[in-house]
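What follows is a single structure, written as structure tokens, with notes after it.
The values are calculated or read from the model by the stated rules, or taken from the named source; none is laboratory data. The structure displayed is predicted, hence computed values, not measured ones. So basically every Cβ, Gly included, is an ideal-geometry build from the backbone, and we count neighbours across all protein chains shown. Please note that ligands, DNA and RNA were not included when accessible areas were found on the heavy atoms of the full protein model with its side chains. Shrake-Rupley method; radii C 1.70, N 1.55, O 1.52, S 1.80 Å.
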Amino acid sequence: MAATEALATEGGHEARGAIFTRSEVVDFILDLAGYTEDQPLYEKRLLEPSFGGGDFLLPIIERLLSAWRAARPNGSALNELANTIRAVELHHDTFRSTQAAVIALLKRQGVAANAATALAGCWLSQGDFLLAPLEGQFDFVVGNPPYVRQELIPAPLLAEYRSRYLTMYDRADIYIPFIERSLSVLSDGGRLGFICADRWMKNRYGGPLRSLVAERFHLKVYVDMVDTPAFHSDVIAYPAITIISREVSGATRIAHRPAIDRATLTTLADLLRAPMLPKGTGLVRELARVTNGAEPWLLESSDQMALIRRLEGAFPLLEEAGCKVGIGVATGADKAFIGDFSALDVEPSRKLPLVTTKDIMTGEVQWRGQGVINPFAELGGLVNLDEYPRLRRYLEARREAIAGRHCAQKAPANWYRTIDRITPALAARPKLLVPDIKGEAHIVFESGELYPHHNLYYVTSDDWDLRALQAVLLSAVSRLFVATYSTKMRGGFLRFQAQYLRRIRIPRWADVPETLRRELVEAAIKRDVQACNRAVFKLYGLSHEERSALGGNGE
């Protein structure tokens, strides 16, 4: 396929999703997967789906040769090891340089030159792992699959992937089908050991893959590697190590953010693989029922997980309790559509005052005077510019920037529409405003005068008093929901996105006693988070133990 060949010849590291793993981390993953020199590795089969510069492949070969030599000192490497490794790499130049490194390693280890070349020919293949033929099953699949966003994949290739892989869902990155295919070729008892982004474990696009793991596999080990130097370069992806085996599901061993040095990782690997987890170790925890169909994986402490599960069983979702979560307007050309409200030279009905994250940094709305152009008619569709000469003049003066957007090129007649429809009634509704990325909940009440920008989520309700709801969303309970379901950003920041806010469970407003309603409202108006916690803990009927699981009793 031409699209595949283009990636194989042209792609830089970013386009190919190539990230290089530190050797201490590679050895840690191989240990966790059980690919160790005390095992008969020469009788096993291992698959490396994207070998890159050989970060995994070269240590794998060294372990294989060591185990083989100890057992078969007079054996023939070519005859006895030809079927032990299958390694695939898409990029031509990378393939050739790593192939040369493999041959050089084999020769250094005493394998004859012709046998070394032949072995490399048996083990290595150049091609697209997601399309390449694979024969038989594998006892181990290990590596660091590429991290490539869908937008970087040529359309014909993306369509082919979607037709082959059921987990290629929504906006899934390329590592998702890599994991699906790797799991599909595991032998009974076989183990997959990958380091890759942790996003699929909690977000929407990972649902089908989580479901596959829950139904047919065992999540044996999860190691959170966020904010650790696991790679040679700084990466945006938030990495985790997972060991998944083809066996009956059971408890998951969990570790968080280990120090990246050989002694620490060797000790940790021994603990994570121990037949029985020693009592009193603070490094490793064991959780049951981490996988649960397509549900996001709950990988925090067991007492917090128990609380989440109880609340999920007892209370409706936020939107089932009469609240609505949305996101502000995306224009596709903010410099054209947004400006100083008083200076926007259009008819008064064609602009709205706009609220952005900068307006709510203090925890209260302090409007800085921005406005957004509204090109939509009351009853739907775009306004006729002939009826709004000032709007026409304003838009025409900025036509190049506005008409150059992808959405405008797809529908040239509607060149002046914003990406999202603007509904002026939303500005007039009281609402809670929530910025996407924050270390703590940052929930701001807006009385019903401003239209939210796309860097803000908003919550409205026909049932709940918004001040009382603000207290709930500011509380440790809501933070637990978001922390549990959200992917964490670098530095421990949480993403307060719509998909995670909708996971929060709350009682119905009709079930909240009058005295507690007043307590919630007063705590929110004062922005007293401890008072919010005290009221919210009563609202949910939290026990002493459950309050402790949230880091305190709220007293």
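Taking the criterion of being touching a residue at least 60 places away in the same chain (Cβ under 8 Å), in a loop (DSSP other than H, G, I, E, B), under 23 Å from Asp227 (Cβ atoms) and open to solvent by 40 Å² or more (accessible area, probe 1.4 Å), would at least one residue in the stretch 255-277 satisfy it?
yes
When Pro73 is evaluated against the numbered criteria (1) at pLDDT 95 or above; (2) out of contact with any Gly (no Cβ under 8 Å at 6 or more places or on another chain), which criterion, by number, is the only one it fails?
Here Pro73 clears every test but (1).
Answer with yes or no whether Leu299 is within 20 Å of Arg210 (Cβ to Cβ), touching a strand residue (DSSP E or B) at 6+ places or on another chain (Cβ under 8 Å) and at pLDDT below 95.
Values: within 20 Å of Arg210 (Cβ to Cβ): yes; touching a strand residue (DSSP E or B) at 6+ places or on another chain (Cβ under 8 Å): yes; at pLDDT below 95: yes.
Yes.
Looking only at residues in the stretch 427-484 that are assigned to a strand (DSSP E or B) and among the aliphatic types (A, V, I, L, M), which one is nearest to Asp224 (Cα to Cα)?
Ile437
Each row is one residue, and each column tells you yes or no for (1) within 20 Å of His454 (Cβ to Cβ); (2) in the same structural domain as Phe341 (by the TED database); (3) of a type in the set (Lys, Arg).
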residue	(1), (2), (3)
Ala377	no, no, no
Gly380	no, no, no
Asn384	no, no, no
Ala397	no, no, no
Trp415	yes, no, no
Leu426	yes, yes, no
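Which one of Tyr165, Tyr169, Tyr175 is within 20 Å of the chain's Cα centre (by Cα) and open to solvent by 60 Å² or more (accessible area, probe 1.4 Å)?
So the residue among Tyr165, Tyr169, Tyr175 that is within 20 Å of the chain's Cα centre (by Cα) and open to solvent by 60 Å² or more (accessible area, probe 1.4 Å) is Tyr169.
Quick check: anything in the stretch 505-515 crowded, with 20+ Cβ neighbours inside 10 Å, not β-branched (Val, Ile, Thr) and not in a helix (DSSP H, G or I)?
Yes, the stretch 505-515 contains a residue that is crowded, with 20+ Cβ neighbours inside 10 Å, not β-branched (Val, Ile, Thr) and not in a helix (DSSP H, G or I).
Could you check how many residues of the stretch 77-91 are in contact (Cβ under 8 Å) with a residue 12 or more places away in the chain and either loosely packed, with under 13 Cβ neighbours inside 10 Å or under 15 Å from Leu57 (Cβ atoms) (or both)?
At the first step, the residues of the stretch 77-91 found to be in contact (Cβ under 8 Å) with a residue 12 or more places away in the chain are 77-78, 80-91.
Restricting the remaining residues to those that are either loosely packed, with under 13 Cβ neighbours inside 10 Å or under 15 Å from Leu57 (Cβ atoms) (or both) gives 81, 84-91.
Selection size over the stretch 77-91: 9.
Take the residues in the stretch 121-156 that are in contact with a helix residue (DSSP H, G or I) (Cβ under 6 Å, 6 or more places away or on another chain) and over 25 Å from Thr21 (Cβ atoms); name whichever of them is surrounded by the fewest Cβ atoms within 10 Å (Cβ to Cβ).
It comes out as Pro156.
For the stretch 332-355: of the residues being part of a loop (DSSP other than H, G, I, E, B) and either without any contact (Cβ under 8 Å) to a residue 12 or more places away in the chain or more than 32 Å from the chain's Cα centre (by Cα) (or both), which is farthest from Ile437 (Cα to Cα)? Let's see the steps before the verdict.
At the first step, the residues of the stretch 332-355 found to be part of a loop (DSSP other than H, G, I, E, B) are 332-333, 344-347.
From the residues that got through so far, the ones that are either without any contact (Cβ under 8 Å) to a residue 12 or more places away in the chain or more than 32 Å from the chain's Cα centre (by Cα) (or both) too are 344-347.
Values: Leu344: 30, Asp345: 33, Val346: 33, Glu347: 35 Å.
Going through the qualifying residues, I end up with Glu347.
For the stretch 516-549, which residues satisfy the criterion of being open to solvent by 90 Å² or more (accessible area, probe 1.4 Å) and part of a helix (DSSP H, G or I)?
Just the residues of the stretch 516-549 that are open to solvent by 90 Å² or more (accessible area, probe 1.4 Å), to begin with: 518, 522, 525-527, 530, 538, 544-545.
Of everything in the stretch 516-549, those that are open to solvent by 90 Å² or more (accessible area, probe 1.4 Å) and part of a helix (DSSP H, G or I) turn out to be Arg518, Glu522, Ile525, Lys526, Gln530, Lys538, His544, Glu545.
Please specify each residue of the stretch 447-479 satisfying the condition of being under 18 Å from Gln366 (Cβ atoms) and either polar (S, T, N, Q) or in contact with an Asp or Glu (Cβ under 9 Å, 6 or more places away or on another chain) (or both).
Once the filter is applied, which keeps residues that are under 18 Å from Gln366 (Cβ atoms) and either polar (S, T, N, Q) or in contact with an Asp or Glu (Cβ under 9 Å, 6 or more places away or on another chain) (or both), the stretch 447-479 yields Ser447, Leu450, Pro452, His453, Asn455, Leu456, Tyr458, Gln470.
Could you check the stretch 415-440 and list, in sequence order, the residues that are small (Gly, Ala, Ser) and surrounded by fewer than 17 Cβ atoms within 10 Å (Cβ to Cβ)? Steps first, please.
Going through the stretch 415-440, the residues small (Gly, Ala, Ser) turn out to be 425, 427-428, 439.
Scanning the stretch 415-440 gives Ala425, Ala428, Gly439.
Considering only residues of the stretch 203-221 that are in a helix (DSSP H, G or I) and of a type in the set (D, E, K, R), which is surrounded by the fewest Cβ atoms within 10 Å (Cβ to Cβ)?
Here is the first cut: in the stretch 203-221, the residues in a helix (DSSP H, G or I) are 204-216.
Of the ones still in play, those that are also of a type in the set (D, E, K, R) are 204, 210, 215-216.
Working: Arg204: 15, Arg210: 23, Glu215: 11, Arg216: 15.
By that ranking, first place goes to Glu215.
So Asp224 fits all but one of (1) touching a residue at least 40 places away in the same chain (Cβ under 8 Å); (2) in contact with a helix residue (DSSP H, G or I) (Cβ under 6 Å, 6 or more places away or on another chain); (3) surrounded by fewer than 21 Cβ atoms within 10 Å (Cβ to Cβ); what number is the exception?
Going through the list (1) touching a residue at least 40 places away in the same chain (Cβ under 8 Å); (2) in contact with a helix residue (DSSP H, G or I) (Cβ under 6 Å, 6 or more places away or on another chain); (3) surrounded by fewer than 21 Cβ atoms within 10 Å (Cβ to Cβ), Asp224 breaks only (2).
Given (1) at pLDDT 95 or above; (2) under 15 Å from Thr357 (Cβ atoms), identify the lone condition not met by Ile443.
If we test Ile443 against (1) at pLDDT 95 or above; (2) under 15 Å from Thr357 (Cβ atoms), just (1) comes out false.
Kindly establish whether Leu152 is of a type outside the set (D, E, K, R) and modelled with pLDDT under 95. Spell out how you get there, then give the answer.
Values: of a type outside the set (D, E, K, R): yes; modelled with pLDDT under 95: yes.
Spelling it out, Leu152 is indeed of a type outside the set (D, E, K, R) and modelled with pLDDT under 95.
Which numbered condition in (1) over 30 Å from Trp509 (Cβ atoms); (2) open to solvent by 20 Å² or more (accessible area, probe 1.4 Å); (3) in contact (Cβ under 8 Å) with a residue 12 or more places away in the chain is the only one that Asn292 fails?
For Asn292, the exception is condition (1).
Out of Arg63, Arg149, Arg96, Arg162, which single residue is closer than 26 Å to Ala33 by Cβ, assigned by the TED database to the domain that holds Tyr35 and of a type in the set (Lys, Arg)?
Working: Arg149 fails: closer than 26 Å to Ala33 by Cβ; Arg96 fails: closer than 26 Å to Ala33 by Cβ; Arg162 fails: closer than 26 Å to Ala33 by Cβ.
Just a single option satisfies the conditions, and that option is Arg63.
Give the residues of the stretch 182-198 that are out of contact with any strand residue (DSSP E or B) (no Cβ under 9 Å at 6 or more places or on another chain) and either buried (at least 20 other Cβ atoms within 10 Å of the Cβ) or more than 14 Å from Thr167 (Cβ to Cβ) (or both), sorted by residue number. Show your work before the answer.
Looking only at the stretch 182-198, we keep the residues that are out of contact with any strand residue (DSSP E or B) (no Cβ under 9 Å at 6 or more places or on another chain), and these are 184, 188.
Asp188 - this is the single residue of the stretch 182-198 that is out of contact with any strand residue (DSSP E or B) (no Cβ under 9 Å at 6 or more places or on another chain) and either buried (at least 20 other Cβ atoms within 10 Å of the Cβ) or more than 14 Å from Thr167 (Cβ to Cβ) (or both).
If you go through the stretch 485-504, how many residues are among the hydrophobic types (A, V, I, L, M, F, W, C), modelled with pLDDT of 85 or more and assigned to a loop (DSSP other than H, G, I, E, B)?
Filtering the stretch 485-504 for residues among the hydrophobic types (A, V, I, L, M, F, W, C) gives 489, 493-494, 496, 498, 501, 504.
With the extra rule that they be modelled with pLDDT of 85 or more, the set shrinks to 498, 501, 504.
Imposing the further condition that a residue be assigned to a loop (DSSP other than H, G, I, E, B) reduces the set to 504.
Residues flagged as among the hydrophobic types (A, V, I, L, M, F, W, C), modelled with pLDDT of 85 or more and assigned to a loop (DSSP other than H, G, I, E, B) within the stretch 485-504 amount to 1.
What number of residues within the stretch 19-62 satisfy the criterion of being among the aliphatic types (A, V, I, L, M), touching a Lys or Arg at 6+ places or on another chain (Cβ under 9 Å) and either over 19 Å from Leu183 (Cα atoms) or not in a helix (DSSP H, G or I) (or both)?
Of the residues in the stretch 19-62, the ones among the aliphatic types (A, V, I, L, M) are 19, 25-26, 29-30, 32-33, 41, 46-47, 57-58, 60-61.
Remaining after also requiring touching a Lys or Arg at 6+ places or on another chain (Cβ under 9 Å): 30, 32-33, 41, 46-47.
Within this subset, residues satisfying the condition of being either over 19 Å from Leu183 (Cα atoms) or not in a helix (DSSP H, G or I) (or both) are 41, 46-47.
Of the residues in that region, 3 qualify.
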